[in-house]
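Have a look at the structure below before the remarks.
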Amino acid sequence: MLPYIKLPTAQSGLGNGRVEGGLILPLSFSAPGGFTVIVMPEGDFLKNTAAGGYHAAFDFLVNVSHPLDKRWTFYSEVFTTQSFQTRRNRSTPWMKL
C-alpha cells in the first residue's frame, strides 16, 4: 500500500494550493508463459476544479509484460480514470463536472 499526500508548497500561482491525497495499491504477479501482470488501483481525494470542496477519483492500471531477450521487454498497458465531481461550474453551465 502506498498512501500519499500532496502539500501546497509551490509559489503563488502554481498548483491549486490545496492538500490532496490518496492510496495506491500496486500488485504484481507471474502469469503462465513467462508473462508478468501488474494491477494498480488508486483512490484519490482531490480538490474540485470549479467549485469549493473535494471529490473522489479512482484510477486503474493493468500492465502485461513479457521479456523478449535479456535486454528487451514487450509490454502493453491499459489505464482508466473516473472522477466523481458532482457540482457544476456556475459560470459555465454547459460544462458538467
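The values are calculated or read from the model by the stated rules, or taken from the named source; none is laboratory data. All of these numbers come straight from a predicted model, not from anything done at the bench. Here the Cβ positions follow ideal geometry from the backbone for every residue, glycine too, while neighbour counts run over all protein chains shown. Areas reflect the complete protein model, heavy atoms only, side chains present, ligands, DNA and RNA absent. Shrake-Rupley method; radii C 1.70, N 1.55, O 1.52, S 1.80 Å.
Note on log10 I(q)/I(0) by the Debye sum over Cα atoms at q = 0.12, 0.19, 0.20 Å⁻¹: of the candidates (i) -0.49, -0.97, -1.03; (ii) -0.59, -0.97, -1.01; (iii) -0.63, -0.97, -1.02, the value calculated from this structure sits at (ii).
With contacts taken as Cα pairs under 8 Å and at least 6 residues apart, the range 1-58 reaches a relative contact order of 26 percent. Charge tally around Glu77: other residues with Cβ under 15 Å, Lys/Arg +1 each, Asp/Glu -1 each, net -2. Computed with a 1.4 Å probe over protein heavy atoms only, the accessible area of Met40 comes to about 70 Å².
Pop out the carbon and sulfur fraction of the accessible area of the chain as a percent, whole number, probe 1.4 Å. Answer for the chain is 63 percent, counting heavy atoms of protein chains only. Normalising the average separation of contacting C-alpha pairs (under 8 angstrom, six or more residues apart) by the number of residues puts the relative contact order of the chain at 19 percent. Database remark: amide H of Gly21 closer than 5 angstrom to the amide H of Lys6, Phe45 (H placed geometrically; neighbours at sequence offset of 5 or more, or on other chains; Pro and chain starts carry no H).
Using a probe of 1.4 Å, the accessible surface attributed to Ile5 totals some 120 Å² when neighbouring protein chains are kept in position. The calculated FRET efficiency for Ile38 paired with Phe84, based on their beta-carbon distance and R0 = 30 Å, is about 0.75. Sequentially through the range 71-84, phi angles give Karplus couplings (6.51, -1.76, 1.60; θ = phi - 60°) of 10, 10, 10, 8, 9, 9, 9, 10, 9, 9, 9, 9, 10, 10 Hz, Gly and Pro residues having no value and appearing as x. Dipole magnitude for the chain: computed about the Cα centre from +1 point charges on Lys and Arg Cβ and -1 point charges on Asp and Glu Cβ, it is near 460 debye. Show me the GluC sites (Glu not before Pro) within the range 1-94 that DSSP assigns to loop and that have at most 15 other Cβ atoms within 10 Å of their Cβ. For GluC sites (Glu not before Pro) across the range 1-94 that sit outside H, G, I, E and B with at most 15 neighbouring Cβ atoms in 10 Å, the list is empty. Other residues lying with their Cβ under 9 Å from the Cβ of Leu61 contribute a combined charge of -3, Lys and Arg counting +1, Asp and Glu -1. Take the Cα of Ile5, go 7 Å toward its beta carbon, and the backbone nitrogen atoms of the range 37-55 under 14 Å from that spot belong to 45.
Annotation for Tyr54 and Trp72: the two label points, set 7 Å from Cα along the Cα-Cβ direction, are 4.6 nm apart.
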